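Working notes, beginning with the structure itself.
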Amino acid sequence: MKSARLNRLFGVSGNCFDVAIDHGMFNERTFLAGIENMKTAIEVIAQAAPDAIQLPPGTAPLLQAIPGKHRPALVLRTDIANIYGNPLPSQLFSEMIDRAVEQGVSLDAACVVVNLLMLPDQPEVYRACVRNVNSLKRECEIYGMPLMVEPLVMQDNSKGAYMVDGAIDKILPLVRQAAELGADIIKADPCDNVEEYHRVVEIAQGLPVLVRGGGRVSDQEILIRTKQLMEQGARGIVYGRNVIQHHNPGGMTKALMAIVHDKASVEQASLHIG
């Protein structure tokens with residue numbers, strides 16, 4: 001069943017665009033812009049027909065309640081971390097939901113996703129993430145559920161909330177560890193120099209690499225970056241705020257789908273936004 005679920009996740013091009021709408025899982029007020037009404041947000045994105053939508057267990061049923069057989073596949077968020085506020089809490093954690101893979105099967109997910117977090121001077125959070133990945137791996141094999149691991153190298157939050165470290169020498173070993181722990185799919189940040197992203201793809205040992213979108217940027221920047229990343233060998237993208245906080249989230253979804261699946265130019269993709 002793992003291959004069947006992967007076929008639901010990746011398009012006929014072999015690539016995937018997963019729209020992340022799981023931000024409410026992390027108890028951070030700034031993450032909620034554009035998704036105050038989850039039913040509406042999910043319906044708007046689903047109508048634009050990305051390959052998948054990434055959701056927590058509480059709002060995943062809103063996607064699965066959409067009638068018909070052409071709705072996007074579900075990627076189920078399985079963990080919660082309190083690392084995104086500024087200032088940070090005195091104690092940090094990364095906690096997995098109960099019986100995550102069983103919940104994924106019950107919700108008809110095509111994949112489950114879990115973080116592998118590396119924060120400065122926070123070895124216990126990293127250790128908890130390794131435990132989370134390890135506990136998911138065998139259950140995913142038993143149930144035929146693809147496992148997406150999200151290796152994220154973070155900066156010190158004193159510089160601002162949700163700060164990603166794009167240093168490739170930090171990204172490479174964490175991506176490789178995710179592969180060695182048994183990921184089926186890698187969801188990784190872009191590196192500072194996009195032209196080096198082929199090194200991230202190589203270190204993943206043939207696993208499909210989907211690139212995170214990160215913070216909100218201009219339309220031109222996100223489209224150009226996406227084009228460059230796909231040309232570097234990425235198999236797709238997982239974008240959230242650059243879609244759900246856009247004035248035309250459906251149009252942006254279609255624009256990015258054109259790049260991911262049809263190799264559209266930035267100019268051609270921009271026509272979908274208006």
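The values are calculated or read from the model by the stated rules, or taken from the named source; none is laboratory data. These numbers come from a predicted model, not from an experiment. Cβ coordinates were reconstructed from backbone atoms using ideal geometry, including for glycine residues, and neighbour counts include every protein chain displayed. When the accessible area is computed, the model is the full protein with side chains, heavy atoms only, and any ligands, DNA or RNA have been set aside. Shrake-Rupley method; radii C 1.70, N 1.55, O 1.52, S 1.80 Å.
Brief remarks on what is shown
- Only a single item in (1) over 15 Å from the mean Cα position of the chain (by Cα); (2) surrounded by fewer than 16 Cβ atoms within 10 Å (Cβ to Cβ) is not met by Asp219, and it is number (2).
Matching residues to (1) on the phi > 0 side of the Ramachandran plot; (2) touching a Lys or Arg at 6+ places or on another chain (Cβ under 7 Å); (3) open to solvent by less than 10 Å² (accessible area, probe 1.4 Å); (4) outside any loop (DSSP other than H, G, I, E, B):
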residue	(1), (2), (3), (4)
Pro120	no, no, no, no
Tyr126	no, no, no, yes
Cys129	no, no, yes, yes
Glu141	no, no, no, yes
Met145	no, yes, yes, no
Met148	no, yes, yes, yes
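- Odd one out for Met163, checked against (1) closer than 20 Å to Val211 by Cβ; (2) of a type outside the set (Phe, Trp, Tyr); (3) in contact (Cβ under 8 Å) with a residue 24 or more places away in the chain; (4) open to solvent by 10 Å² or more (accessible area, probe 1.4 Å): (3)
- Total residues in the range 257-272, condition surrounded by fewer than 18 Cβ atoms within 10 Å (Cβ to Cβ) and either at pLDDT below 95 or within 19 Å of Val194 (Cα to Cα) (or both): 2
- In the range 1-14, residue surrounded by the fewest Cβ atoms within 10 Å (Cβ to Cβ) [restricted to those that are in a loop (DSSP other than H, G, I, E, B) and of a type in the set (Gly, Ala, Ser)]: Gly14
- Residue satisfying condition, being in contact with a Leu (Cβ under 8 Å, 6 or more places away or on another chain) and not aromatic (Phe, Trp, Tyr), within set Val194, Val175: Val194
- Annotation: of all residues in the range 230-256 being β-branched (Val, Ile, Thr) and under 10 Å from Val44 (Cβ atoms), the one that is surrounded by the most Cβ atoms within 10 Å (Cβ to Cβ) is Val243.
- Elements of type helices (runs of 4 or more DSSP H) in the range 171-274, at least 1 residues being β-branched (Val, Ile, Thr) and in contact (Cβ under 8 Å) with a residue 60 or more places away in the chain: 241-244, 249-262
Yes/no per residue for (1) over 17 Å from Lys254 (Cα atoms); (2) charged (D, E, K, R); (3) at pLDDT 95 or above:
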residue: Asn7; (1), (2), (3): yes, no, yes
residue: Phe17; (1), (2), (3): no, no, yes
residue: Asp22; (1), (2), (3): yes, yes, yes
residue: Asn27; (1), (2), (3): yes, no, no
residue: Phe31; (1), (2), (3): yes, no, no
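- Figure legend. Inter-residue proximity from the range 128-150: first residues more than 11 Å from Cys111 (Cβ to Cβ), second residues polar (S, T, N, Q), beta-carbon distance below 6 Å, spacing 6+ or different chains. Indicated pairs: Ala128/Ser94; Cys129/Ser94; Cys129/Asn115; Glu150/Asn115.
- Under the condition of being touching a residue at least 40 places away in the same chain (Cβ under 8 Å) and either open to solvent by less than 90 Å² (accessible area, probe 1.4 Å) or touching a helix residue (DSSP H, G or I) at 6+ places or on another chain (Cβ under 6 Å) (or both), the residues counted in the range 82-113 number 19.
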